[in-house]
Each structure stands twice: as C-alpha cells, then as structure tokens.
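Peer 1: Sharing a structure below in structure tokens format, with a few things to ask.
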Amino acid sequence: MSEQSAYWVVTGTDGVTRTLPMPGPESSADRDKVRKRRPRWRRAQPQDLRDIEGPSAFGGSPKRFFDLLRLTSMQQYRLQYRTSLLGYVWAVLRPLSLFAVLYFVFSQVIRYGDSIPNFALILLLGIMLYQFFADATGTALSALVRGEPVVRKMHFPRIVIPLSVVVSAAMTAAVNLGVTLGFVVVFGAGFQWTWFLMPLLFVVLAALTAGVAILLSVMFVSIRDVGQIWNVITRVLFYASPILYPLERVPEQFQSIVALNPLAPIIAQARIWVIDPSAPGVIETVGLPTFLGSVAIGVAICGLGLWLFVRQAPRVAELL
Amino acid sequence: MARSRVAIDVQGVSKSFVLPTKRVDTLRDRLVAGLKPTSEKLEVLRDVSFSVNRGEFFGIAGRNGSGKSTLLKIIAGIYRADKGRIRAAGRLAPIIELGVGFNNELPAYDNVIMNAVIMGLDPVEARQRYPEIMEFSELGEFEHMQLKNYSSGMRARLGFSIMVHVDADLLLFDEVLAVGDGNFQEKCGETFQQLRESGRTGILVTHSMAALNQHCERAMLLEDGRVHTIGTPDEVAHEYAHLKSRTLIAEEEGEPERVMVTGATP
C-alpha cells in the first residue's frame, strides 16, 4: 500500500467530522483490486427503432416529468435556507418583519388602521399570500438562465425548471399560512369552518403564480429587461392588491381597476374565509363583470405563458 | 415488426443556428438596432446521414466547428434538427460533460439520485443502484462531503460512474475521455470494453485518433457540416490527417480559415 501523507479534515453534511486520506497515486495492488470490482451490467436487449423527439417543455413520459419536478422542488426547498444560520426561520421572519413595519406605520403613526376591523390580520394574511407570489415569480424569472448547464447539456423537460421554483415556494408559503392561522386564533376571530376551503384558494393562487413564472422565465431568456420591469410591477402589485386595505374601502370609481388585478379577488376572498366570514363578498363588492374580467386576465396570463413556453422550449438551449 | 439491426439511424439531418451579428438582449439594444437584421444564419449541419448498428461503437471525428458536437446534441434531443429524421432503438444517455447539474451544496447521495433520474432511471431504481455507483466511483469515503469539496477529478469520476450505471442502451460521449488523470482514463477505456461486451451501442465524438482506433469499429469524418468519410478508424484517421495538411497549405496561401465567434460582443 502506498503511504498516506496528506489528509483532509472534513465536516460532512451529517455533522460528523472525519479525517480522510487524500487520494494519492495508487499502487498496482490497489489497481488490481479495483479491476476486480466489475459492475454487473444487464445485457442490452434489442429494441425497435423509434423517432427521437427534440427537446420540449414537458419531454418524455408524464412519470418522468413528475419525478423530476418532485426531486428538483425538494432539492430547492432544502437548499434555500440551508446555508443560513437560522435556516427555515427566515422564511417566516421576512414577511413578518415587513408586516411589523407596515403595521407600526399604519396603525401607530398614521392611525389609519384603527378604522378597519381586523386590520393587523388582513395585513398579515395579505403579505403572506403576496410574498409567495412575488418570491416565486422573482426567482423563476431567471431560473432558465441559471439552469443553463442542465438545459444545454442534458435531456431535461424544460418547464420543470420554473415550475420547481413555484412548488418549492409554495411549500414555504403553506407553512407561513399555518403560522398566520395561529395568529388569527390568538388575535382575532378564532377558528372558522371556511378554513377548510383555503387549500382551494391556495391552488388557484399557485396556478396563477406558475403561469406568470413560466411566462417570465421564457421571456427573460431573450429580453433581459423583463427582470427590471417585473421588479417594478411586483412593487405596484403590492399596493394594487387589497393588502393594506380591504376591497370595499377603495373608492368606487377605482374599485374595478384594483379588482382586475388577478391577485385582488384571491387575497380578498382569503380574508373572508380566514378572518371574517361576515365581510362583504368579492362579487358583491366589485360586481360580477369585473370579477369575471379578473378571472379572464388570470387565465389569459397562464395560457399565454404555457403557449409561449411550449413554443420556445425546443429552442431555449440555442438561445441561452 | 422485426427487430432492427440498426440502433441509431440518422437521415438527412440539417441544422442552422441563427447567430446574432450584434447581440440584442435588451429593449434598448432592440430600439437602437431598429429593424435592421441583427443576425445571420450559420449552417452547421447539411444533410447528414449515417446509421450505427446494434452493439457497435461508432466514432465521429472532425475539426473544430465541423458540427460534430451539434450533431451529438441533436441525437441526444437537446437541440432540434431543422430537417431530417432520427430514430433510435432503446434508451439514450447523452454524456456531453461529466457532472453537469451537480449541486455543490449537496452531498454525493442527492446528486447521484438527481442525475440518475435525469438520465432516465426511476427514482426507486436510482436509490437501489446508489451503492453500486459509489463503489464503482471509488468515492465511498467521501460520500458525506458536499460536492464543492470534491476535486474536478472526483466529480468526473462520480459523473462517469452515474452515466454507466443508468442502464442506457445507447451511449453518446462527447470528448469525456479528455478529462481526469491517467488512471481514470484507463478505467474509462476498460469500461468502454465492458459496455461493448454487454451489447451496448455507443457514439464517441473525439479529436483523438488513438481513441477512435482503440474503441470504435467504424467512424465518420465530418467536415463543414457534411459527411466527409464513413469507414474504418484507419481510413478516417488518414482522411483527417489529409484534411489538416490541406488546411495548413491553404492558410499559407492566404486563405483565411473560417472563425466562428459566439457569445457577447464587447
């Protein structure tokens, strides 16, 4: 055996510190030993010729698509807070700190919040839902560009890349919603049976987020300005959504403009189901045409995103 | 349908890239550039046809820019051909670069599973094969280490080990032999031998005539996107040498060699 003079001291991901020999030049005895370890390969079976399809958004079988989506999402979820000291706590702390500042300003400095029942809870719930949308779309925006090696050198269903960002953000958001429900119980109206309807609303929000995410990610490949533009739009959307105010407080002439933002009905409905079932309904407040218009805009964005992504997917590897 | 003796069949494949003469990435660039054409078409492959028999290792040689890597990526389903038809019998594993898609923050286990699934294994199969993969890569003692602490040679070994364990019937290699130390290359060579013995089919893109001779039954020489020669490795090596010497003479006579420029202009 060759003598080991160099060592690595390494702390593994399991938290155990080991001293490992640096791989040095192997002796011929080592090589012989290695040579004996032949892998057991099955014999290749003759198969029929099939057409090779080029790259596509979904690529290959549905099973492979879902396997990869699950694996990539889990990997991202685990990686997100891995390197930071407080880890997952940051996922809750970030929206909570935004909430704290806004709550202080609007209820202590400006004293506007006093006039709105459950102002704190409406603000908190709105921030949590909005943060999911903003985080997921903002990260998905550059996902294809960041995933360049995988896109250009491996056979990988392209749409998994932005979708996994949304799925991993949704997992964070689900926990945050749980925390929000805790606050609702402690400070507000307590448990409502309509809480059980929230998953439905959450799925709608996730679908909208996914639609925007795939649209942005594929646009960003050829127009980098989308990053700056989206930055502005997300900021506008924060104030244009019923987060700092309930929908019925908006002056009537602006109400339909606010409600056309597809996020608005979702956040407004969440307030009704989570905090206050007696609050005026979304359709009652803004009228059915506006509500349907908002839904149509949301569906159109998702459709456009999917259409553009599927169309561009075969060429993404070349455009990067 | 009778089982075909052919494993990979490429018929009349053409591909051109639209290369920007000036990169237009932002709206400002687009406004400044106006409607002037900012790109030109570059034909990379023109009517390429060949087929690889089952159990055969087939080499593709050619000079830089001859289109061999593009051809491999089209067969692998990473680029889409403009024209032509490609058929394959069985599962393909493109091995363009070892260790693509590895995540530096994660240890070997997560990376192995992820990569194996991308290469076409079931997650369950991937987990079953993990011990084999680690044993073959000889990196067992480093398995809890994050990949950022791996040397590039270790990454290549891990990547190679995954690739040969995903049970693909058809393997596409792009210059992977050029990485790693002598020991690793020796092992690659042995593995190729074993893969051939187990009835697998391979395409090997390479510059190295020695590798062609050692691993391939037949080979093809690409020149300027066209099939120049298909024959034994010796014939291809001969033509390749001939081609290179002709270019040298042409250069001395002042004919500039075409240079492909990609990426952003300053």
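Peer 1: Once label points are set 7 Å from the Cα along Cα→Cβ at both residue B:197 and residue B:122, what is their separation, rounded to one decimal in nm?
Peer 2: Those two pseudo-labels are separated by 2.8 nm.
Peer 1: Expressed as a fraction of 2.2 N^0.38 Å, the rule-of-thumb size for a compact globular protein of N residues, what is the C-alpha radius of gyration of the stretch A:187-320?
Peer 2: For the stretch A:187-320, the normalised Cα radius of gyration is 1.21.
Peer 1: From the mean inverse distance of alpha carbon pairs (Kirkwood) and the Cα radius of gyration, derive Rg over Rh for the stretch A:247-320. Show your work: numbers first, answer last.
Peer 2: On the way: Rg = 16.9 Å, Rh = 14.1 Å.
Taking Rg over the Kirkwood Rh, I get 1.20.
Peer 1: With r defined as the distance between the Cβ atoms of residue B:43 and residue A:228 and R0 fixed at 41 Å, what FRET efficiency is calculated, to the nearest 0.05?
Peer 2: Details: r = 36 Å, r/R0 = 0.88.
Given R0 = 41 Å and the Cβ-Cβ separation, E is 0.70.
Peer 1: Turning to a different aspect of this structure: Quick one: divide the alpha-carbon radius of gyration of the stretch B:107-173 by 2.2 N^0.38 Å and tell me what you get.
Peer 2: Relative to the rule-of-thumb radius for its length, the stretch B:107-173 sits at 1.02.
Peer 1: Which whole-Hz couplings ³J(HN,Hα) result when phi for each residue of the stretch B:128-138 is put into the Karplus expression 6.51 cos²θ - 1.76 cosθ + 1.60, θ = phi - 60°, listed in order with x for Gly and Pro?
Peer 2: 5, 8, 3, x, 4, 4, 5, 5, 5, 6, 6
Peer 1: Treating only the Cα positions of the stretch A:90-206 as identical point scatterers, give the base-10 log of I(q)/I(0) from the Debye formula at each q in 0.15, 0.16 Å⁻¹.
Peer 2: Rounded to two decimals, the profile gives -0.76, -0.83.
Peer 1: What is the average number of partner chain Cβ atoms found within 10 Å of a Cβ in A:152-159?
Peer 2: Mean shielding count: 6.
Peer 1: For residue A:58 and residue A:194, FRET efficiency with R0 = 41 Å and r from the beta-carbon atoms, rounded to 0.05?
Peer 2: About 0.70, to the nearest 0.05.
Peer 1: A follow-up question, please. Order by neighbour count: A:212, B:124, fewest other Cβ atoms within 10 Å first, most last.
Peer 2: Going from sparsest to densest Cβ surroundings: B:124, A:212.
Peer 1: So what are the three principal axis dimensions of the stretch A:170-252 from its Cα atoms, in whole Å, longest to shortest?
Peer 2: Computed over the Cα atoms, the extents are 49, 34, 19 Å.
Peer 1: Quick one: Karplus J couplings for the stretch A:133-144, per residue in order, coefficients 6.51, -1.76, 1.60, θ = phi - 60°, nearest Hz, x for Gly and Pro?
Peer 2: For the stretch A:133-144, the Karplus-derived couplings read 4, 5, 4, 5, 5, x, 6, 5, 3, 9, 4, 5 Hz, x marking Gly and Pro.
Peer 1: Hey, fewest Cβ within 10 Å first, where do B:164, A:89 land in order?
Peer 2: Listing B:164, A:89 from fewest to most nearby Cβ atoms yields A:89, B:164.
Peer 1: Which value, in Å to one decimal place, does the Kirkwood hydrodynamic radius take for the stretch A:214-262 when every pair of different Cα atoms is included?
Peer 2: 12.4
Peer 1: Grab the Cα-Cα distance for residue A:112 and residue A:252, subtract it from 0.36 nm times how many residues apart they are, and report the gain in nm with one decimal.
Peer 2: Answer, rounded to one decimal: 48.5 nm.
Peer 1: As an exercise, use a Förster radius of 22 Å and the Cβ-Cβ distance of residue B:151 and residue B:104 to find the FRET efficiency, rounded to the nearest 0.05.
Peer 2: Rounded to the nearest 0.05, the efficiency is 0.95.
Peer 1: Counting other beta carbons within 10 Å of each Cβ, put B:208, B:39, A:217 in order, fewest first. All intermediate terms of the calculation are to be shown ahead of the outcome.
Peer 2: Working: B:208 16, B:39 13, A:217 30.
Neighbour counts put them in this order, fewest first: B:39, B:208, A:217.
Peer 1: How are the C-alpha pair distances of the stretch B:160-231 spread across 10 Å bins, as whole percents from the shortest bin up?
Peer 2: In whole percents, the pair-distance histogram is 17, 53, 25, 5.
Peer 1: Considering only Cα-Cα distances, which of the following residue pairs are longer than 22 Å: B:73/B:244; B:68/B:187; B:41/B:83; B:83/B:244?
Peer 2: Distance filter (> 22 Å) returns B:73/B:244; B:68/B:187; B:83/B:244.
Every read-out reported here was derived from the displayed coordinates using simple, explicitly stated rules and does not represent laboratory data. For clarity, every value in this text was computed on a predicted model and none was experimentally measured. So basically every Cβ, Gly included, is an ideal-geometry build from the backbone, and we count neighbours across all protein chains shown.
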